[in-house]
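Asks: Please read through the structure below; I'll follow up with questions.
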Amino acid sequence: MRIKRLLLAALTVAGPLTGLAQKAPEPVGPVPNHRQTEWYDREMIAFFHFGINTFEEMVNEGDGRAPAALFAPTALDCGQWMRTLRAAGIPAAILTAKHADGFCLWPSDYTDYSVRNTTWRDGRGDVVREFVDSCAAYGIKAGIYLGPHDRHEHLSPLYTTERYRDHYARQLEELMTGYGKIWETWWDGAGADELTTPLYAAWYAIVRRHQPDCVIFGTKNSYRFADVRWMGNESGLAGDPCWATVDSLAIRDEAAHIRELNEGKLGGDACIPAETDVSIRPSWFYHAEEDGAVKSVRELWDIYCTSVGRNSVLLLNFPPDRRGLIHPVDSLRAATLRRGIDETFSRNLLAGARVEASTCRGRAFRAENLLDDDPATYFATADDRTTADIVFTLPRAERFDCLMLREAISLGHRTTRWSVETSADGRTWQAIPEATGRTCVGNKWIVRFAPVEARYVRLRIQEGVACPALHTFGVYRQSELLK
Ligand code: IPT
């Protein structure tokens with residue numbers, strides 16, 4: 001018996017050397033499905049709010065009465081939108097095919113309230129078509145916002161919820177079948193309280209039948225069908241923590257509900273990560289009055305850090321103007337943000353460091369995996385451990401003001417408490433206050449702090465619901481472009 005145990009122990013240790021594969025940790029809790037994994041990889045998505053509101057004075061939610069003829073872009077060019085996204089490194093985009101006013105940017109067969117009844121391109125134009133074609137030409141993933149709340153339809157004396165269910169279903173069918181692959185659909189909750197879960201069930205079936213890979217953004221009564229949830233505010237501030245899991249999004253108490261959207265719930269029974277929607281301008285639609293109020297690069301960097309850097313995905317709105325073009329200031333800010341992000345994260349100052357972990361699952365899961373830029377390899381410990389210290393000894397002291405930690409999200413939320421410390425001599429350690437007692441990791445957690453100069457960095461995994469599985473850790477200097 002004793003010999004058997006010894007033999008087993010020897011085998012476990014010798015495993016990697018003799019080529020025996022070490023077993024990966026089991027996933028814990030609900031984990032992302034294939035759509036959510038693809039969605040996380042986008043990091044940023046562009047939102048385009050464009051429609052009849054664009055042609056009214058300071059309107060962001062039209063009442064559905066504005067005459068269709070108002071819609072008259074003078075120089076629409078979706079290719080220009082896509083060039084903005086390319087420069088901003090944004091790989092996906094969502095167009096408001098129909099906002100709450102009900103005006104349709106495509107010639108729907110089921111309403112008169114659309115581009116067909118305008119003089120734009122003699123009524124033969126189709127903004128959705130131009131959008132998806134431009135997306136395809138530029139390698140951008142196309143998404144559609146078909147607002148569930150429709151004020152124009154409501155004006156009809158014949159309106160009933162049942163009729164509307166069928167009307168919306170027909171429009172959804174047009175968009176899900178006629179425009180190629182659709183990567184995301186957006187069920188806005190604004191104004192949609194009367195739309196009950198059974199309605200969404202019917203609409204969900206249509207999306208899934210035609211677009212199995214389409215990510216569904218849900219709110220309120222559509223959470224049951226959602227791949228991603230609303231994050232709880234429109235200012236770009238995901239929660240700290242911001243777990244991908246939620247418990248029950250049934251709305252009992254409004255404040256508790258908003259908090260759960262914002263922070264998620266560790267141990268929750270569904271994986272529905274938070275999407276952060278925010279506009280680059282004060283409004284969702286374009287208003288020339290706001291040309292001077294475009295968010296600065298610094299503000300956008302803050303938003304990136306409190307969304308992408310908080311286990312969320314950023315849905316950043318660029319409202320096209322009355323010409324049908326993105327304003328050059330908006331394009332430039334987004335492009336500069338991208339350059340700043342790339343400049344910051346292209347240089348992990350831990351690269352080349354000596355790495356020592358207090359414990360490890362085995363060679364395949366060694367702590368060096370944190371630095372190899374390969375999300376497929378990760379650091380893990382044995383199943384019965386939830387803590388570890390990893391010390392990085394740099395070739396020389398470096399100055400940095402930002403760090404990033406990433407979990408192997410296909411294995412679920414595991415680490416629930418972690419800190420980072422620095423040292424000049426490898427013996428006495430100083431806490432980085434902003435990086436002390438952190439909780440959530442998830443896809444990406446970014447922490448910024450006052451510049452520190454150090455030769456030694458220590459990542460402390462202090463608590464978890466399962467053994468850690470972390471694929472990337474780095475310290476960085478924020479680019480000057482972001483300041
Ligand atoms: C808010 C809705 O209540 C929410 O369900 C979601 O659709 C969100 O908009 C999208 O940004 S309403 C807004 C005025 C906060």
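Asks: Given the condition assigned to a helix (DSSP H, G or I), away from the ligand (no atom under 16 Å from the Cβ) and among the hydrophobic types (A, V, I, L, M, F, W, C), answer yes or no: does some residue in segment 102-122 qualify?
Replies: Scanning segment 102-122 turns up at least one residue that is assigned to a helix (DSSP H, G or I), away from the ligand (no atom under 16 Å from the Cβ) and among the hydrophobic types (A, V, I, L, M, F, W, C).
Asks: Scan segment 187-200 and report the pairs whose first residue is farther than 12 Å from Leu146 by Cα and whose second residue is more than 7 Å from the ligand (Cβ to nearest atom) and of a type in the set (A, V, I, L, M), with Cβ atoms within less than 7 Å and a gap of 6+ or a chain change.
Replies: Ala190/Ala100; Gly191/Ala100
So that you can scan it fast, the table gives a plain yes or no per residue for (1) in a loop (DSSP other than H, G, I, E, B); (2) over 15 Å from His152 (Cα atoms); (3) of a type in the set (Lys, Arg):
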{"position": "Thr37", "(1), (2), (3)": "no, yes, no"}
{"position": "Ile45", "(1), (2), (3)": "no, yes, no"}
{"position": "Phe50", "(1), (2), (3)": "yes, yes, no"}
{"position": "Met58", "(1), (2), (3)": "yes, yes, no"}
{"position": "Asp63", "(1), (2), (3)": "yes, no, no"}
{"position": "Ala66", "(1), (2), (3)": "yes, no, no"}
{"position": "Ala75", "(1), (2), (3)": "yes, yes, no"}
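Asks: May I ask you to list the residues in segment 216-235 that are under 11 Å from the mean Cα position of the chain (by Cα) and aliphatic (A, V, I, L, M)?
Replies: Within segment 216-235, Val228, Met231 qualify.
Asks: Which residue is nearest to Asp269 (Cα to Cα), if the candidates are limited to segment 218-256 and must be touching a Ser or Thr at 6+ places or on another chain (Cβ under 7 Å) and surrounded by 18 or more Cβ atoms within 10 Å (Cβ to Cβ)?
Replies: Step by step, filter segment 218-256, then rank; the result is Cys242.
Asks: Let me ask you something else. For segment 71-129, which residues satisfy the criterion of being among the polar types (S, T, N, Q) and crowded, with 19+ Cβ neighbours inside 10 Å?
Replies: Scanning segment 71-129 gives Thr84, Thr96, Ser108, Thr111, Ser114, Thr118.
Asks: Filter segment 135-151 down to residues that are touching a strand residue (DSSP E or B) at 6+ places or on another chain (Cβ under 9 Å) and assigned to a loop (DSSP other than H, G, I, E, B) and give me whichever is farthest from Ala93 (Cα to Cα).
Replies: Only one residue tops the list, namely Asp150.
Asks: I'm checking my understanding of the structure. Among residues of segment 175-197 that are assigned to a helix (DSSP H, G or I) and touching a strand residue (DSSP E or B) at 6+ places or on another chain (Cβ under 9 Å), which one is surrounded by the fewest Cβ atoms within 10 Å (Cβ to Cβ)?
Replies: Met176
Asks: Filter the strands (runs of 3 or more DSSP E) completely within segment 271-366 down to those with at least 3 residues that are buried (at least 19 other Cβ atoms within 10 Å of the Cβ) and at pLDDT 95 or above.
Replies: Per the criteria, 274-279, 313-317.
Every residue, every condition in (1) charged (D, E, K, R); (2) modelled with pLDDT under 95; (3) surrounded by 23 or more Cβ atoms within 10 Å (Cβ to Cβ); (4) within 27 Å of the chain's Cα centre (by Cα), yes or no:
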position	(1), (2), (3), (4)
Met404	no, no, no, yes
Ala431	no, no, no, no
Lys444	yes, no, no, yes
Phe449	no, no, no, yes
Val475	no, no, yes, yes
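Asks: Listed residues Tyr200, Tyr204; which is in a helix (DSSP H, G or I), more than 23 Å from Ser134 (Cβ to Cβ), at pLDDT 95 or above and within 15 Å of the ligand (Cβ to nearest atom)?
Replies: Every option except Tyr200 fails the conditions.
Asks: Considering only residues of segment 208-230 that are touching a residue at least 12 places away in the same chain (Cβ under 8 Å) and in a loop (DSSP other than H, G, I, E, B), which is nearest to the ligand (Cβ to nearest atom)?
Replies: Among those that are touching a residue at least 12 places away in the same chain (Cβ under 8 Å) and in a loop (DSSP other than H, G, I, E, B), it is Thr219.
Asks: Checking the structure you have, find out if any residue of segment 231-247 is free of Cβ contacts under 8 Å to residues at least 60 places away in the same chain and farther than 24 Å from Ala334 by Cα.
Replies: Yes, segment 231-247 has at least one match.
Asks: With the structure loaded, tell me whether Leu370 is crowded, with 21+ Cβ neighbours inside 10 Å and either charged (D, E, K, R) or not in a strand (DSSP E or B) (or both) or whether it fails that test.
Replies: Spelling it out, Leu370 is indeed crowded, with 21+ Cβ neighbours inside 10 Å and either charged (D, E, K, R) or not in a strand (DSSP E or B) (or both).
The values are calculated or read from the model by the stated rules, or taken from the named source; none is laboratory data. Just so it is clear, the model here is predicted, and its values are computed rather than measured. Note: ideal-geometry Cβ built from the backbone for every residue, glycine included; neighbour counts use all protein chains shown.
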